[in-house]
Amino acid sequence: MKIDARVRVVGRITMRTGAPWFTTWESRGEVSAECLEQQKAGFVWGVLGTVNWCAHDGKVYQIEDAEGLDREEQELLILHCKLQLSQKFKQIQREIKAFENFDRLIHRDPIVESVRLFVWQRDQGQCVECGRRDGLEFDHIIPVSEGGSNTERNVQLLCLRCNRSKGAKV
Ligand SMILES: [Zn+2]
């Protein structure tokens with residue numbers, strides 16, 4: 001037997017202005033607080049117009065071509081859809097991570113040991129901004145991406161926090 005049913009995520013159930021709301025792309029409406037609670041653990045079925053919907057774990061699902069399938073089977077399809085979504089996002093995460101690592105390798109030439117040593121001694125082993133002595137990083141004053149060099153004139157010691165807040169300003 002072939003299963004033709006298609007599961008779609010059509011919306012979600014969230015808290016809005018203190019009350020649980022059912023929101024799909026086409027419609028929205030308040031639902032009972034009970035509904036909000038129940039759908040965390042299990043499945044809540046409802047009808048909107050002529051459309052059957054099912055809320056589960058924060059999302060609202062709709063199953064097309066579900067004729068002949070009972071509730072239990074439809075709920076299995078929803079769990080399967082949820083599993084596929086989470087696997088897809090894990091894969092996307094892995095791909096982004098790999099890209100970021102690659103990007104880092106390509107664009108960051110390492111600062112050579114002699115420059116590190118010189119900068120460490122010149123800046124007295126502390127953050128040039130706040131004087132912290134832990135969580136220190138070698139920072140490019142002019143970023144490498146903007147043509148900054150790896151020489152001691154363009155490198156300084158910054159703590160993690162000052163480096164991040166510098167990054168936010170740029
Ligand atoms: Zn600092």
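Each reported figure results from applying straightforward, stated rules to the coordinates on display, with no laboratory input. The structure displayed is predicted, hence computed values, not measured ones. In this analysis, Cβ positions are derived from the backbone assuming ideal geometry, glycine residues included, and neighbour counts consider all displayed protein chains.
Some notes on this structure:
- Exposed loop positions in the chain were taken to be GluC sites (Glu not before Pro) whose DSSP state is not H, G, I, E or B and which have at most 16 other beta-carbon atoms within 10 angstrom. Between these positions, the longest stretch is 68-128.
- If the segment from D65 to A98 were pulled out straight at 0.36 nm per residue, it would be longer than the present Cα-Cα gap by 8.0 nm.
- Given charges at Cβ of Lys, Arg, Asp, Glu: segment 6-100 dipole, positive-most of C35, Q62, T14: T14
- The count of lysine pairs in the chain that are at least 8 places apart or cross chains, and whose C-alpha atoms lie under 27 Å apart, stands at 16.
- Put a dot 7 Å past the Cα of V9, heading toward its Cβ, do the same for D134, and the two dots end up 4.0 nm apart.
- Most mobile of G11, G68, G58 in a GNM of the chain (Cα contacts under 10 Å): G68
- Length added when fully stretched, L79-W45, from 0.36 nm per residue minus Cα-Cα: 10.8 nm
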